[in-house]
Every structure is written in structure tokens, then in C-alpha cells.
Amino acid sequence: MTREITSTIVSALLLSLACGEANALTPPLHFKDDTVGFANMTVFEYENGIAHVRRGESAKQKRYTRRCFVLCRTTMQFKKFARFDPHAPPLNDQDLAKRIRQVTRRAAWRDSLPEDQRVVFPGYANFRELSAKRGFVVQRNIGYGWPTYWRLSNARTLFEPGIGYQEKTHEKLNEVLSHGDLFVAFLTTLPHLRINHAVLVYAKKPDDSTNSDGYLVYDPNHPDGPRELTWSKSNRSFAYQKDWDFVGGNVRVYQLYGVWLQ
């Protein structure tokens, strides 16, 4: 009987440790702390979701553009592989750049690292503060935007346009979020050019509708607050909310950075 009791206690302790480790490895994303503190600016000007070529002074301004894929991936990597120590002095630009690259060179689809194995960023409480105060260093060390146009997985937008694939994507999205992970989504309306954009889905909204599922997303074009992606159960399709850079309505969704070459 004593052995059985001891075995039960040990098993319970191991289970508790395992649960604690799982929670530590997959912390929830908090928009105001864990997303980027600057915007991915658009190449074109928009009015009610309609694109126009920039002219005059607007065309001459230097802007950080075409990095929506990069910023979503980087946010995911920092959530999985970095931690922050606000009580230590901040690094100089050169050392900070090295640590940023240590994070962004890890494949985004890998499992989250335990706290004691993460890359430490002293002087800042979170990624939002770091990227807001040291944005130039962050921008120069998280990658270029142009390679995202040539990703092999982009071909899915042409060969997998149907409802069936979107249903599978919806199932995968729910599965990823249920495991505490993050889901980078490529939103497109190809062959129409209303939107070709990446966002980071980080939470499912409480189920208050029998006809739709709602999801909170970080949109690199809108660092001020979360945007919403929805799934219509009756239409079996995704829709993204209207804003100044998108007319709103149906989009197709494709997962990015879930596995190698995706």
C-alpha cells in the first residue's frame, strides 16, 4: 500500500511538472507586449481599400514596406525563443543585432524554448518596447521582404483555391491554437489584387455565434490593436475585417511557417 501511495504521489508530481513545463513553453501572446512597435507601411496609398500610386511628398518618404511576412514570422520567433530582462542595462547596437539574429535564424516552426535556453534581451520589458525604442536595429536584422514573393508555398494560392482546402485550413487553425501555438496566415484574393498580406492569428474569440468563428490577429500594417479574421460555417469561407487598406470581405487563408518550406 505504501508503494502504491508513493507511486501515486510521484506520478502526480511528474504530471504537475510536465503541465508546468508545457505552459512555460507555450505562453499566450499579449498584443500590447509581444507584437512589433512599428508598422509595415504600404507601397501604395489607399482610400477605402482601393490602392493608388503615391505622388508628391508621400512618394519621396522613406518607408519600411513589404515586410508583413517578415514581421509575422519575427513576432512568432521572439515569442518562442526570446526573453526580456528590464532590470539589466541595454545592449549597444552591434550586440543587440547579434542577439536579434540569434532569434530570427531559428526556424519559426520549432518548439518554444524553455526560459533558461532563450536569448536574453536586457533593458526592455518585452518585444513591443524593444522594437519601438530600437526599431532601426530590429528592422535591419530580421530579414528582407522580397524573398517572400518567391516562397515555394505561394504556389498553393493557384493550385489549392477551393472550399475543401479552406475547410482543412480552418481545422488546422483551430488545432494549432488549441495547442497554444501561433498561426501565420497568408490572406489573398488572387487572381484579384484586393489583398495579398500576412497576419499572425494568436487567439480564438469566445464562441458567441453558431454560424461563425472569430479570431484575433496581429496585422503588421496596424500595430495599434488586434484585427479580426472570421470563419463562416455556412459559407465555409474566411473573411477579414474592413480597414483603410482592405475593402473587407472574403479572403482565402494559407498557413505559413508551420513546417519546413511552408
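Each row is one residue, and each column tells you yes or no for (1) out of contact with any helix residue (DSSP H, G or I) (no Cβ under 7 Å at 6 or more places or on another chain); (2) without any contact (Cβ under 8 Å) to a residue 24 or more places away in the chain.
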position: ASN92; (1), (2): yes, yes
position: ILE100; (1), (2): no, no
position: TRP109; (1), (2): yes, no
position: PRO122; (1), (2): yes, no
position: ASN126; (1), (2): no, no
Let me spell it out: the conditions are (1) loosely packed, with under 15 Cβ neighbours inside 10 Å; (2) modelled with pLDDT under 95; (3) among the acidic types (Asp, Glu), and ASP33 meets all of them except one. Which number is the exception? (2)
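To keep it simple, each residue is scored yes or no on (1) of a type outside the set (Ser, Thr, Tyr); (2) in contact with a Lys or Arg (Cβ under 8 Å, 6 or more places away or on another chain); (3) farther than 19 Å from ASP33 by Cα.
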site: VAL138; (1), (2), (3): yes, no, no
site: GLY145; (1), (2), (3): yes, yes, yes
site: ALA155; (1), (2), (3): yes, no, yes
site: GLU167; (1), (2), (3): yes, yes, yes
site: ASP181; (1), (2), (3): yes, no, no
Pairs where the first residue, in segment 226-253, is over 23 Å from ALA39 (Cβ atoms) and the second is part of a loop (DSSP other than H, G, I, E, B), C-beta under 6 Å, 6+ apart: LYS233/ASN211; SER234/ASN211
Which residue is surrounded by the most Cβ atoms within 10 Å (Cβ to Cβ), if the candidates are limited to segment 199-213 and must be of a type outside the set (Asp, Glu) and over 17 Å from PRO28 (Cα atoms)? SER212
Considering only segment 168-198, how many residues are buried (at least 17 other Cβ atoms within 10 Å of the Cβ) and in contact with a helix residue (DSSP H, G or I) (Cβ under 6 Å, 6 or more places away or on another chain)? 6
Counting only residues that are touching a helix residue (DSSP H, G or I) at 6+ places or on another chain (Cβ under 8 Å) and surrounded by 15 or more Cβ atoms within 10 Å (Cβ to Cβ), which one in segment 234-254 is farthest from LEU187 (Cα to Cα)? SER237
Residues of segment 137-167 classified as open to solvent by 60 Å² or more (accessible area, probe 1.4 Å) and within 20 Å of the chain's Cα centre (by Cα), total: 6
Any residue that is more than 25 Å from ASP224 (Cα to Cα) and in a helix (DSSP H, G or I) - is there at least one of those in segment 100-112? yes
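Filter the strands (runs of 3 or more DSSP E) completely within segment 177-262 down to those with at least 3 residues that are more than 19 Å from the chain's Cα centre (by Cα).
Correct list: empty, since no element meets the threshold.
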Can you name every residue in segment 78-120 that is hydrophobic (A, V, I, L, M, F, W, C), surrounded by 15 or more Cβ atoms within 10 Å (Cβ to Cβ) and in contact with a strand residue (DSSP E or B) (Cβ under 7 Å, 6 or more places away or on another chain)? PHE81, ALA82, PHE84, LEU91, VAL103, VAL119
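The values are calculated or read from the model by the stated rules, or taken from the named source; none is laboratory data. Source: prediction; values computed, not measured. Neighbour counts are summed over all protein chains in view; Cβ atoms, including those assigned to glycine, are modelled from backbone coordinates with ideal geometry. Note: accessible area is taken over every heavy atom of the protein model, side chains too, but ligands, DNA and RNA are not part of it. Shrake-Rupley method; radii C 1.70, N 1.55, O 1.52, S 1.80 Å.
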